[in-house]
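First comes the structure, then the notes that go with it.
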Amino acid sequence: MNFEPFGGSLPEGWQKTRLSQIADFVGGYSYKGNELQASDCAMATIKNFDRNGGFKLDGFKEIVPSEKLKAEQQVDLFDILVAHTDLTQNAEVIGNAEIILSTGGYRKLIMSMDLVKVIPKSGISRFLLASLLNSPQFKAHALGYVNGTTVLHMSKKALPEYSFYFPEDWSSLDNIVAVFEQTYRKMSQTIEESTRLASLRDTLLPKLMSGEIDVSDVEV
């Protein structure tokens, strides 16, 4: 770790910490093909993970899950998901961590078995945790736990064994946490606004093209 901003040495009151000390982990839902059908419930999958980073809303799969679905396998806004499987040999997606910034208009979201949800323990900000995992250091760590040939898998040990330096007094990070939270919430608002505008465009444009709506008399 680079301690240059602290004069090149570990700041007083900081210690090496494992991710398992500040977070819990939940595996995704194992679904059957016949559950994939039109629904107001959608499942987040590795197809939501962009190879260059970021979360794609068009990767959701509509699903009617069975009673085997556990409550903790549901996904809410600002939950953190980490990809544990990759179909590319370059491991472009595996180990990527993304925070949910939009529900895509669905009533309920769940996650597939290819993903793991990282849940911050009491007193830990999910926005700080998301920033911590969305780093080159975590990606490099995750790649060291990958195995497989045709399909790559990341060991379940990767997340809990990830270590980093963290202050004993978590409240000392309140200022930077506030910045992270403000940034992520603003990103979420922007995505929701863009989604609504795109939906409005897709609704109105065909009517304009067909002449169903006439705007020739509208003054601009």
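The values are calculated or read from the model by the stated rules, or taken from the named source; none is laboratory data. Being a predicted model, the structure only gives us computed values, none of them experimental. So basically every Cβ, Gly included, is an ideal-geometry build from the backbone, and we count neighbours across all protein chains shown. All accessible areas refer to the heavy atoms of the entire protein, side chains included, with ligands and DNA or RNA removed. Shrake-Rupley method; radii C 1.70, N 1.55, O 1.52, S 1.80 Å.
The heavy atoms of Lys32 present about 120 square angstrom of accessible area, all protein chains included, probe 1.4 Å. Ranked from largest to smallest solvent-accessible area, with a 1.4 Å probe on the protein heavy atoms, Leu205, Leu128 come out as Leu205, Leu128.
As a fraction of the 1.4 Å probe accessible area of the chain, surface on carbon and sulfur atoms comes out at 51 percent. Estimated at 0.36 nm per residue, the fully extended path between Gln189 and Asp58 surpasses their Cα-Cα distance by 45.4 nm. For segment 66-129, a Kirkwood radius taken over Cα pairs fed into Stokes-Einstein (37 °C, viscosity 0.692 mPa s) yields D = 252 µm²/s.
Per residue, the chain exposes an accessible area of 59 Å² to a 1.4 Å probe, with every protein chain left in place.
For the chain, the 222 nm mean residue ellipticity estimated from helices alone, with every DSSP H stretch of n ≥ 4 adding -39500 (n - 2.57) and the total spread over all residues, rounds to -8500 deg cm²/dmol. Neighbours of Ala97 by Cβ distance under 12 Å: Lys/Arg scored +1, Asp/Glu scored -1, total +1. With the cut-off at under 14 Å, measuring from each backbone N in segment 11-38 to a point 7 Å along the Cα-to-Cβ line of Tyr165 picks out 11-17. The angle between the Cα long axis of helix 174-210 and the main principal axis of the chain comes to about 20°, on a 0 to 90 degree scale.
The label point for Ser155 and the one for Asp174, both projected 7 Å from the Cα toward the Cβ, are 4.0 nm apart.
A Cβ-based charge dipole, computed about the Cα centre of the chain with Lys and Arg at +1 and Asp and Glu at -1, lands at about 780 debye.
Consider a paramagnetic label point 7 Å from the Cα of Lys32 along Cα→Cβ; state which residues of segment 59-97 have an amide N under 16 Å from it. Inside the label zone: 63-70. Taking 7 Å steps out from each Cα toward its Cβ at Leu205 and Glu12 produces label points 6.1 nm apart. Given their separation in residues at 0.36 nm each and the Cα-Cα distance between them, Leu143 and Lys47 gain 32.7 nm when the chain is fully extended. Could you list, in their original order, any pairs among Lys68/Lys108; Lys56/Lys108; Lys117/Lys139; Lys56/Lys186; Lys70/Lys186; Lys56/Lys117 whose Cα atoms are separated by more than 19 Å? Checking Cα-Cα distances, Lys70/Lys186 exceed 19 Å. Computed on the chain, with alpha-carbon pairs under 8 angstrom and 6+ residues apart, the relative contact order is 24 percent.
Taking packing as the residue-averaged number of other Cβ atoms within 10 angstrom, the listed peptides 44-53, 149-158 run from highest to lowest as 44-53, 149-158. Taking all C-alpha pairs of segment 83-220, those more than 22 Å from each other amount to 57 percent.
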